[in-house]
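Reviewing the structure listed below.
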Amino acid sequence: MSELLTAVSVLFIVTGPFLLVANRLDLPTVPALVLAGLVAGWVLEPDPLLELAYYGIALLVFTFGARIDFAAIRSVIVDGELAALGQIIVVGSLGVGFGLALGVSLTDAVYLGIAVAFSSTIVGTALLHREIMLDLVRGRLSQSLHFVQDLIAIVVILLLGAGTLEAGYVGPALAGGAALFLGALLVNRYLFDVIGRFAGDSDELMILGVVALLALFVGAAEFAGISIVVGAFAAGLAVRHDPVEYLGLFNGIQSIRDFFVAIFFVTIGALVVVPFVELGWTESVETLALVAGLVVLTAVVKPAVTTAILIARGYEARSATLASLNTDQVSEFALIIVIQALTLEALSPAIFDAIILAAAVTMVTSSLTHRYNEEIYRTLSDSGVIDGKHDRIDEWSDVPEEIADHVVIVGYGRQGTKLVETCEELDQPYVVIENDPARRDAVTSECEAAVVGDAMETYTWEKANVADATLVLSTVDSRAVSRRILSLDFSADVTLRAGDQETALELLDEGALYVSHPDLLAGQQLVQQIEELLDGDLSRDELRELQQAEIERRADYAPLHFG
């Protein structure tokens, strides 16, 4: 235990200056963390680092499981399953073939295939947290992809833990994993609210209750002789996803996640064995050849395969591409698998070192591709490499062909709903553009005309017949979406939404008719409510209920993310 604490202390001491420089220069955080790990790795032994990585990943897997919103990904889970399975089969097979082509053993080649087949949930959810919170299609697709991959990875971990493929060993391992997930389902559905009632209004007691739940599932996994990672993931699934009811709990889980995400990236950097410095010339060349192939398969081939599958399923090119770019890294589950294999002496150290270095490289490149994902997509689209379909938009949308002089409303959240009600009261034709498939049923059933598609795509606007619209009202607080709307060629006036004053002024200068700003709107709303209260049109209880509803709505979109 003392060695583990020493390792954590050294990691944080070394990481501080790197994060300070990254923050001052506005650089991505992930490369700074990995570089800090490279430096720390010079003074730390590998054994405590492997132990730290194992337990850290287990806790991160728990936090991911706790944040899965099954209701939100239900509408895309089938496509996520197909894309995840196709990606694993195609890319995994290529990884095995690549290893055999370089002359490694079949066992080592299988682990190379596992390394390139799975994608990192930790990196994916950290980078796409805003997209998931904003209910964007690519966020939901990415979450669905990672969830399906994680389930398959857990099966692999259970099989590896059995140590053999004989039914007498595999059966109990799979049965133990199934029992944990069944228990998680029962706790989520029937017992989690009981924990909430016992905790009352105390966030601290609620967090302690969930930590006890985590300890229970991890202990059950240990008792069953299976990996604690499986128990941790099951414990996360046992947590009821209700950020409004359990806001304090989810803030606490987010803090745990942010802490261990940093530990995870630094640990990966510390485990890297640097070619030509810690290895001889021949070994270095062999390692770099393996790493180059793994990086190409992970960062290029895997997103390409996933994009092709999603486009074939009818998603527009942009959503498919941006969701697929979020799979361009080695998975933490793959790292758990290779760590276990190394411990069991089923994997050669040279292959392990190559996988770790490839993981570090792809996690750095993934943070960069996320930062420049729009530019990557536009380049591929403009060059004709990507040509998406619009089957999903056509299938989910309903717009009268003769509609004209209408209002186009972007977003069907609280503001979008109010605008729809206003248009209907005024007998004003309108079309709603909504990007969240989880809201598809509500939009198509409650709105006279709707397009379920990406506001960044030209076809979505063609479907909404924006050329004949009289006004465009965007309720989406996204600079990219706002600028995309302003760049389109139509004559309708445009009103937008901005989260800060600087952006609002920029959008006005670029041609927006009006830009709503939270502080301005809050001030206007406060004045209106006080006037109604003083005039007797609004009671104190009604005012309190309105405020509580607003706070709960904002809790759903709290910007809790590691960045």
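The values are calculated or read from the model by the stated rules, or taken from the named source; none is laboratory data. Note that the structure is predicted; figures quoted are calculated from it, not measured. Using ideal geometry, Cβ is built from the backbone for each residue, glycine included, and neighbour counts are taken over all protein chains shown. Just the protein is used for accessible areas: all its heavy atoms, side chains included, with ligands, DNA and RNA removed. Shrake-Rupley method; radii C 1.70, N 1.55, O 1.52, S 1.80 Å.
As a length-normalised measure over Cα pairs under 8 Å and 6 or more apart, the relative contact order of the range 237-359 settles at 28 percent.
Between residue 288 and residue 223, the C-beta separation translates, for a Förster distance of 41 Å, into a calculated FRET efficiency of about 0.40. A protection proxy built from the mean count of other Cβ atoms within 10 Å ranks the segments 473-481, 299-307, most packed first, as 299-307, 473-481.
Once the Cα-Cα distance is subtracted from the 0.36 nm per residue extended length, the residue 27 to residue 404 segment shows a gain of 131.1 nm. Available extension along the chain between residue 170 and residue 205 is 8.7 nm, counting 0.36 nm per residue and deducting the alpha carbon span.
For the range 376-476, the set of GluC sites (Glu not before Pro) satisfying both a DSSP loop assignment and a count of at most 10 other C-beta atoms within 10 Å is given as 401, 402.
Per the Debye formula with a single identical scatterer at each Cα and no solvent contribution, what log10 I(q)/I(0) holds for the range 396-469 at q = 0.14, 0.18, 0.20 Å⁻¹? Each listed q corresponds, in turn, to -0.35, -0.60, -0.75. Protection proxy ranking for 252-262, 178-188, using the average of other Cβ atoms within 10 Å per residue and placing the highest first: 252-262, 178-188. A crude spin-label estimate for the pair residue 242 and residue 105, with each label 7 Å from Cα along the Cβ direction, gives 5.2 nm. When 89, 207 are compared by accessible area at a 1.4 angstrom probe, the order from most to least is 89, 207. Restricting attention to the range 391-516, close to 5% of DSSP beta bridges with both partner residues there are antiparallel.
Here the 3J(HN,Hα) profile of the range 174-184, calculated from phi with Karplus coefficients 6.51, -1.76 and 1.60 at θ = phi - 60°, is 5, 5, x, x, 4, 5, 5, 6, 5, x, 5 Hz, Gly and Pro shown as x. When restricted to Cα atoms, the range 333-411 yields an Rg and a Dmax of 23.1, 71 Å, respectively. The value of relative contact order for the range 383-509, using C-alpha pairs under 8 Å at least six residues apart, is 25 percent.
Along its first, second and third principal axes, ordered by size, the range 391-516 spans 37, 28, 26 Å in Cα coordinates. Sorted largest first, the principal axis extents computed over the alpha-carbon atoms of the range 1-383 equal 63, 55, 54 Å. Applying 0.36 nm per residue to the separation of residue 480 and residue 182 and subtracting their alpha-carbon distance, the gain on full extension is 103.1 nm. Summary value for the range 1-383: 28 percent relative contact order, contacts being C-alpha pairs under 8 angstrom separated by 6+ residues. Here is the list for the range 31-65: chymotrypsin sites (Phe, Trp or Tyr not before Pro) lying in DSSP coil, each with at most 15 other C-beta atoms within 10 angstrom of its C-beta, are 42.
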